[in-house]
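A short write-up of the structure that comes next.
The values are calculated or read from the model by the stated rules, or taken from the named source; none is laboratory data. Keep in mind the model is a prediction, meaning the values are calculated, not measured. Heads up, the Cβs are rebuilt from the backbone with ideal geometry, glycines too, and the neighbour counts pull from every protein chain shown. The area values use the complete protein model at the heavy-atom level, side chains included, leaving out ligands, DNA and RNA. Shrake-Rupley method; radii C 1.70, N 1.55, O 1.52, S 1.80 Å.
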Amino acid sequence: MLLLMRYLFLVLFFQTLLHGQEKQTITGKVTDAETGLPIPYCVVMLSDYRGGATTDESGNFAIELRTADGRSKLVARCVGYRPDTLSVDFSRRSYTFALHADIKPMSEVVVTGLILSDEANEDPLAHATVPSKLIEQTNTNNIIDVLVRNVPGLEAVKTGPNISKPFIRGLGYNRVLTLYDGVRQEGQQWGDEHGLEVDSYHIERADVIKGPASLMAGSDALAGVVSLQSPVPNELDGIVRGKFLSEYQGNNGLVGDGLEIDYSDHLWQLSARGSFRLARSYQNSIDGRVYNTGFQEANGSGLVGVISDRGYSRMIFSVYDDLQEIPDGSRDSVTRRFTGQVAEIPFDDIKNRPIVPDNVLNSYQINALHQHIQHLRAISENRYQLRFGEIEALVGYQENVRREFDHPTDPGQAGLYVQLQTVNYGLRCSVSNTWNLQTTVGVNGMYQMNTNKDATDFPIPDYHLFDIGSYAFMEWKSDGWVVSGGLRYDIRTLQTDALYLQPNRTNGFYYRAAPSDTAGATLQFASMERAFNGISLSIGATYALGNDLSVRANIARGYRAPNMTELASNGLDPGAHIVYLGNSSFAPEFNLQEDVGLAADEQDLSASVSGFNNSIENYIYLAQALDAAGNPVVVVSGNRTFRYQQSSAQLFGMEATLGLHPAAWGGLTVDNAFEMVFGYNRNARYAGKGVEGEYLPFIPPMKLRSGVQQEVSTGSGVMPTVTARGELELAARQDRYLGLDNTETPTSGYALVNLLFSADLRNTFTSVTELQLGVNNLFDAAYQSNLDRLKYEEYYTSSPNGHLGIYEMGRNAFVKVILHL
């Protein structure tokens with residue numbers, strides 16, 4: 001608390017030095033371009049997030065401007081309409097927006113820190129924005145699955161309903177850079193068996209950039225960037241606002257609640273948020289209830305900001321706590337009922353475990369063998385206007401604690417216990433437009449320290465990492481052209497400490513030996529020092545062929561240093577049931593990606609097509625470890641052993657969208673999205689061998705997602721709008737898989753149908769109440785996703801019902817209520 005008070009005092013003192021600029025209040029109105037009627041509850045805000053307002057019942061708004069805001073733009077957003085922007089002129093007192101009807105989910109103004117363009121169709125990068133309304137209307141178990149349903153080219157590797165890791169165009173893990181409020185998310189993201197440590201109920205907007213073209217975000221983004229933005233109160237009217245969300249999902253009995261309270265005036269921005277989710281094991285028609293797939297998650301976060309004439313300073317805090325069950329797929333060979341581990345690995349007869357009783361399968365109680373993940377985050381974000389442009393400074397601290405409890409005879413003893421501490425920093429300066437040119441320069445990076453705690457398994461060593469990168473980015477606009485490009489240089493150094501293990505003669509577990517007492521101990525990790533550096537670059541352009549048609553092209557080079565697991569892993573990851581073996585001599589990955597696209601945005605139709613080719617040098621991947629005779633290496637009984645390899649690789653593919661929203665049929669929209677990716681290992685020894693080594697792992701099949709939505713205006717003051725939506729997801733069979741040493745298997749195609757009904761309700765207690773009813777996987781299809789790791793949780797080569805591995809969630813009915821207070 002004392003530290004926070006000091007921080008706010010310094011911010012207020014600094015802002016008094018900048019205070020005293022001329023102010024004025026502007027007014028305006030937002031109307032429907034076709035009917036001329038006012039649009040209530042529309043958000044109008046400055047493009048740099050320093051101020052805003054919501055229109056009243058008559059479509060009117062009022063915002064206070066300062067001199068520094070003369071460089072900004074006004075952005076008007078309203079669900080069901082295309083967003084619009086107007087340049088701010090300090091001599092102008094009144095502004096009028098005439099919005100055109102458009103319920104396309106991806107129509108959104110781009111105002112992120114990753115790209116400089118004001119409009120989505122002006123940027124050369126392949127990207128998509130998912131606004132809060134679409135996030136709220138997509139009912140899944142986590143935020144990554146929400147984005148997968150709405151962004152073609154984005155998929156997820158899954159290990160149960162609450163564990164999804166983003167993959168962009170066939171690449172994931174450390175090749176996807178995830179940002180939360182502008183800070184790169186660091187939380188042992190190399191593992192399959194835990195998800196993203198964020199509050200899924202409180203995401204205001206998500207931006208997905210496809211390809212290595214976001215130079216300002218940092219290194220490692222060979223695949224792209226997923227940027228998540230938490231809500232920021234911007235109305236500045238001194239009114240306390242709130243939002244309450246509650247949902248229930250029938251398949252796994254998920255119960256979730258989220259509460260947000262916001263306040264903002266012309267000096268302060270205050271926000272407090274919290275959420276809680278609880279779910280038992282999910283079920284499907286093949287497996288019944290899937291043992292050990294329940295979870296319990298709690299989140300808390302807050303924001304304290306101070307606004308001045310020239311900018312703002314904010315402190316953002318968040319705490320994440322997740323108890324996550326991890327299935328291992330063990331079953332009875334005859335009944336195919338799930339069984340549970342009761343003995344330690346050396347004495348564990350996997351094929352003769354006791355059957356899990358029904359009361360345990362249906363219980364909300366978290367199993368004693370589970371994973372506990374905690375993530376603490378504190379961010380200081382500062383952005384101010386200067387005479388020549390603006391400057392932004394960011395400092396963040398994260399602490400990620402991951403514990404896996406996998407000892408049935410001693411449930412309180414963690415098998416894995418690691419603590420990852422990260423300090424993020426960044427400084428960016430943008431020069432105001434001169435000759436239609438905008439220039440941004442900056443530096444960012446992180447310091448990181450990983451420590452093994454009281455555990456019995458040690459898959460990665462203790463290490464210290466320092467990363468720094470500098471960049472310059474320029475954008476030029478003229479006569480329908482937007483040309484942008486930049487250069488980035490990164491340096492990363494890391495150091496590991498030697499780690500010795502001693503057996504505990506009492507319980508048979510291993511523990512970490514003290515550096516001064518290594519006699520008779522086993523060396524688990526030798527000390528290591530490595531340094532990496534690399535250059536990233538990007539250049540691209542868009543050209544408007546008309547008011548509604550644009551073409552774009554971009555070429556980018558990305559760089560990624562090997563992560564610690566790839567370099568030094570040497571042990572069992574209990575949650576994944578895999579022994580990982582690293583290689584300390586790995587070189588950095590570099591890729592070169594070409595990307596072209598064409599987009600049309602007419603009144604009744606929108607369409608886009610995008611193609612890419614991605615060539616990677618020193619591509620790092622996992623392959624099963626074999627001995628000299630070609631037999632699988634078994635380090636720990638009942639667990640597979642994989643060794644990291646390095647080779648050249650190539651990925652190419654495309655995405656396409658088609659949306660129909662005829663003005664003559666008000667409220668109707670039909671949207672379609674298609675994606676396909678091909679991935680090849682270009683090592684000469686695998687040429688022409690297909691599934692026996694030529695195909696890359698984790699490549700999603702071709703997919704088509706289609707949706708039909710009808711919004712109806714009832715004319716009722718109680719229920720003004722009702723919306724019905726139907727969705728179809730078609731996934732093709734995936735025969736291009738890494739079958740070498742049974743690393744992957746083919747996956748059958750499937751079809752899923754989802755339904756959603758929603759209604760906006762008006763009453764005297766809330767400004768808006770939204771009620772949602774729906775069902776996912778309406779026809780209870782039994783299917784396995786090619787990227788779901790649970791399909792490989794199998795201990796037999798055949799089964800009585802002909803099905804191997806674990807299947808995805810079956811039919812799932814849900815209800816959600818959102819109250820805007």
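Quick notes on this one:
- Region 244-263, subset free of Cβ contacts under 8 Å to residues at least 40 places away in the same chain and not hydrophobic (A, V, I, L, M, F, W, C), residue nearest to Leu65 (Cα to Cα): Tyr263
- Criterion (open to solvent by less than 60 Å² (accessible area, probe 1.4 Å) and at pLDDT below 95) met by exactly one of Gly480, Gly442: Gly480
- Count - residues of region 483-501 that are over 30 Å from Asp548 (Cα atoms), crowded, with 17+ Cβ neighbours inside 10 Å and of a type outside the set (Ser, Thr, Tyr): 6
- Residues being in a strand (DSSP E or B), closer than 24 Å to Ser758 by Cα and open to solvent by 30 Å² or more (accessible area, probe 1.4 Å) - total across region 652-667: 2
- The one condition in (1) more than 26 Å from Leu660 (Cβ to Cβ); (2) open to solvent by 30 Å² or more (accessible area, probe 1.4 Å); (3) at pLDDT below 85 that Thr96 fails to fulfil: (3)
- For region 158-178, a tally of residues being under 12 Å from the mean Cα position of the chain (by Cα) and not in a loop (DSSP other than H, G, I, E, B) returns 10.
- Single residue of region 133-153 satisfying the filter (touching a helix residue (DSSP H, G or I) at 6+ places or on another chain (Cβ under 8 Å) and open to solvent by less than 20 Å² (accessible area, probe 1.4 Å)) that is nearest to His820 (Cα to Cα): Ile135
- For region 692-712, a residue qualifies if it is open to solvent by 50 Å² or more (accessible area, probe 1.4 Å) and in contact with a helix residue (DSSP H, G or I) (Cβ under 6 Å, 6 or more places away or on another chain), and exactly one does: Glu692.
- Residue that is open to solvent by 20 Å² or more (accessible area, probe 1.4 Å), out of contact with any Pro (no Cβ under 9 Å at 6 or more places or on another chain) and in a strand (DSSP E or B), where the choices are Arg685, Arg725: Arg725
- Residues in region 713-722 that are in contact (Cβ under 8 Å) with a residue 24 or more places away in the chain and open to solvent by 40 Å² or more (accessible area, probe 1.4 Å) were compared, and the one that is nearest to Ala623 (Cα to Cα) is Val722.
- Complete set of residues in region 215-230 that are over 10 Å from Leu177 (Cα atoms) and either within 16 Å of the chain's Cα centre (by Cα) or open to solvent by 20 Å² or more (accessible area, probe 1.4 Å) (or both): Leu228, Gln229, Ser230
- Subset of region 570-628 that is buried (at least 17 other Cβ atoms within 10 Å of the Cβ) and not in a strand (DSSP E or B) - its residue that is farthest from the chain's Cα centre (by Cα): Ala625
- Residue list for region 162-213, restricted to those being of a type outside the set (Gly, Ala, Ser) and at positive phi: Arg169, Tyr173, Asp181, Gln188
- Test: residue in region 423-439 that is of a type in the set (S, T, N, Q), more than 20 Å from His194 (Cβ to Cβ) and in a loop (DSSP other than H, G, I, E, B): yes
- If you go through region 302-334 and pick out every residue that is surrounded by fewer than 20 Cβ atoms within 10 Å (Cβ to Cβ), at pLDDT 95 or above and of a type in the set (S, T, N, Q), you end up with 0.
- Taking first residues from region 789-802 that are part of a loop (DSSP other than H, G, I, E, B) and partners that are open to solvent by less than 60 Å² (accessible area, probe 1.4 Å) and of a type in the set (A, V, I, L, M), the Cβ contacts under 6 Å between residues at least 6 apart in sequence or on separate chains come to Glu793/Ile806; Tyr795/Ile350.
- Identity of the residue in region 24-42, at pLDDT below 80 and of a type in the set (S, T, N, Q), that ends up surrounded by the most Cβ atoms within 10 Å (Cβ to Cβ): Gln24
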